[in-house]
Amino acid sequence: MTISKSNMKILLKSQQGELDVVMMYQALAKVVKDENDAATFRKLASEEGHHASVFHKLTQENIKPKKTLAFFITILYKLIGKKYKLIGKKRLYTKIIKGEYQACENYAPVAEKFPEIESVKEDEKRHGDIVASLL
Ligand SMILES: [Fe+2]
């Protein structure tokens, strides 16, 4: 299948985003105190890894995950309960939930062109619901 340049750009950006959230969920799983939250984040990390592989199949490009998002999200988490109290668990998780629902929206037009992305899109919505259930 030939993929147009503009679609390839979207697919590569999506692949990068998936890889970055794998790192984010893995990092969160290591720092959160609640064991149920940690187990949930490990599961989400593995599902995001599957998403990255769906995009990889289309792009055939190897991309390295960026740790920036994982870094900042764990820094934010570590500030919870500390004297600075910049952000609470609720606010942090709410950002993650918004990110998942946003990903679901962003994937809608791509899923129309590439049917294999439809289930990825549905997963992001489900991820948003799962993280919301942790609050
Ligand atoms: Fe994903």
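The values are calculated or read from the model by the stated rules, or taken from the named source; none is laboratory data. Here the structure is a predicted model, which means the values were calculated and not measured. Counting neighbours? That spans all protein chains shown, and the Cβs are built from the backbone with ideal geometry, glycine included. Side chains are part of the model used for accessible areas, which takes the heavy atoms of the whole protein and leaves out ligands, DNA and RNA. Shrake-Rupley method; radii C 1.70, N 1.55, O 1.52, S 1.80 Å.
Of all accessible surface on the chain at a 1.4 Å probe, what whole percent is carbon and sulfur? Looking at the chain in its full context, I get 58 percent from C and S.
Summing Lys and Arg as +1 and Asp and Glu as -1 over all other residues whose Cβ lies under 12 Å from the Cβ of Tyr25 gives a net charge of -3.
For the stretch 92-135, the residues whose amide N sits under 15 Å from a probe point set 7 Å from the Cα of Lys13 along the beta carbon direction are 102-111. Measuring against 31 Å, Cα to Cα, the residue pairs Lys9/Lys125; Lys9/Lys33; Lys78/Lys98 contain Lys9/Lys33 as the ones spanning a longer distance.
Estimated from the Cβ-Cβ distance and a Förster radius of 30 angstrom, the FRET efficiency linking Ser119 and Lys95 is about 0.75.
Averaged per residue, the chain has 60 square angstrom of accessible surface, using a 1.4 angstrom probe with ligands and nucleic acids left out.
Taking the centroid of alpha carbons for each part, the stretch 87-135 and the stretch 1-80 are 12 Å apart. Net charge dipole, the chain: roughly 920 debye, given to the nearest 20, about the Cα centre with Cβ charges of +1 for Lys and Arg and -1 for Asp and Glu. Could you give me D for the chain, from Stokes-Einstein at 10 °C and 1.306 mPa s, where the hydrodynamic radius is the Kirkwood radius over C-alpha pairs? Units µm² s⁻¹, please. D = 103 µm²/s.
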